[in-house]
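Here the structure comes first, spelled out in structure tokens, and everything after it is commentary.
The values are calculated or read from the model by the stated rules, or taken from the named source; none is laboratory data. Keep in mind that this is a model prediction, so the values were computed, not measured. Quick reminder, even Gly has a Cβ in these numbers, built from the backbone with ideal geometry, and neighbours come from all protein chains shown. Only protein heavy atoms, including side chains, enter the accessible area calculation; ligands, DNA and RNA are left aside. Shrake-Rupley method; radii C 1.70, N 1.55, O 1.52, S 1.80 Å.
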Amino acid sequence: MTTKLMEYFNKSPRIGVLSTADKSGHVDSGIFGSPRMTDEKTVIMGLSNNRTLANLQQNPHAVYLIIEPGTALTDWKGIRVYLVALQIATSGKDLDAFKSQIAEVIGKEAADMIVALVTFEVTGVRPIVDMGQGWEQSI
């Protein structure tokens with residue numbers, strides 16, 4: 001992956017949709033603005049005790065979709081980032097540090113809702129409308 005992907009992924013403000021599935025294949029999607037790329041292959045995000053966390057504990061595969069609407073479908077920008085959860089930390093210094101950063105940015109109440117820090121590996125990237133152009137042309 002490239003620095004261009006990191007810059008686009010971490011652009012703010014932005015909202016994306018994280019889709020996960022449980023071990024039976026039941027799918028869920030949630031809106032999240034918090035995932036961050038920490039390097040060209042790693043994404044981290046904090047989660048509360050919700051369906052997304054439960055799904056990732058059963059099935060580590062996920063897709064994060066970032067969308068920027070345009071006037072016509074061909075003008076829309078965005079990417080699909082394929083992820084695999086490598087670690088789900090429910091305690092420890094990394095989770096504590098993440099919660100401290102969240103408390104500074106959006107407040108203690110939001111930080112207190114976080115019960116896990118998920119570390120993902122980026123396994124693939126595709127454009128939102130894939131016409132064979134590659135993801136780089138879609139941002």
Förster-model FRET efficiency, 25 Å R0, H61 and T2, C-beta, rounded to 0.05: 0.65
Percent carbon-and-sulfur accessible area, the chain, ignoring ligands, DNA and RNA, probe 1.4 Å: 53 percent
Antiparallel bridge percentage (DSSP; both residues within the chain; nearest 5): 100 percent
Simple label model, 7 Å out from Cα along Cβ direction - R14 to A72, nm: 2.5 nm
Solvent exposure ordering (accessible area, 1.4 Å, most first) of S91, S48, S138: S91, S48, S138
Å² of accessible area per residue within the chain, as computed with a 1.4 Å probe and no ligands counted: 56 Å²
Relative contact order for the chain, counting Cα pairs under 8 Å that sit 6 or more residues apart, in percent: 25 percent
Charge tally in the Cβ shell below 13 Å around S100, where Lys, Arg are +1 and Asp, Glu are -1, S100 excluded: -1
DSSP loop trypsin sites (Lys or Arg not before Pro) with at most 11 other Cβ within 10 Å: longest gap in the chain: 24-139
Cross-link table K23/K93; K23/K77; K11/K77; K4/K41, entries beyond 20 Å C-alpha to C-alpha: K23/K93; K23/K77
